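The values are calculated or read from the model by the stated rules, or taken from the named source; none is laboratory data. Note that the structure is predicted; figures quoted are calculated from it, not measured. Positions of Cβ are backbone-derived with ideal geometry, glycine not excepted, and every protein chain shown enters the neighbour counts.
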Amino acid sequence: MESTVSLPLHSSTLSRLVAHLRQDNGGPQDLAEAISHAVNSWINAREVRHLGADADSVRGYQWKSLFLPEGTVLRSWSYGEHNYARVEGDRIIHRGQAVSPNQFAQSFARTTRNAWTDLSIRRPGDERFYLASSLRREQARQAKLAAPAAPPDDMTKFVLALLAAKIPAPVVQLPPAPAPRNVPPGPGWNLPERRKFRFRIEDVAFE
């Protein structure tokens, strides 16, 4: 049996803990056990966040793409009150029984529920609860940002090669412009005897 010691605790913190234990069905109900569990969860959270921590030694529950480290609290809302479950080791425990997120979401519902949109999650180190679907979207966004860019396909490579070669645009050959019209008058046109019987438009207009 482990020995125990007495530690000073603010009365406001103790009141919050007692109120939490009254509505928390997934965690320890004994006051001393609850305090020990809270301290251990705090220590575990700091060890997980510490740089160089061995990822293989981190315990928790793998919910498809979302990992819930040990100490994570799951919360659902049903008929005016919250219900809680907790990740202990590599299992989710609710009322002393191991459950899946879907089983926990359905346990208080009369209709079918989607666990991703029904459950709220508070992991060790989180200041508040987050909707499970929001955590999954944020994780997918971070993974997409960290993923390397996909290599260009053949068509993209071809277009980039053309741009790099700086191929000049084809030159359009225009037809040659027509020569200016300058027809000299025929021989003898200015002779007096010719002008007597034949007139040009210019002569009529200006004489």
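Taken over the range 26-68, the criterion of being modelled with pLDDT of 90 or more and either part of a loop (DSSP other than H, G, I, E, B) or surrounded by 18 or more Cβ atoms within 10 Å (Cβ to Cβ) (or both) is satisfied by Gly60, Tyr61, Trp63, Lys64, Leu66, Leu68. Picking from residues in the range 132-181 that are in contact with a Leu (Cβ under 8 Å, 6 or more places away or on another chain) and under 25 Å from Thr72 (Cα atoms), the one that is modelled with the highest pLDDT is Ala132. For Arg110, work out the one condition from (1) touching a residue at least 12 places away in the same chain (Cβ under 8 Å); (2) part of a loop (DSSP other than H, G, I, E, B) it doesn't fulfil. It fails just one condition, (1).
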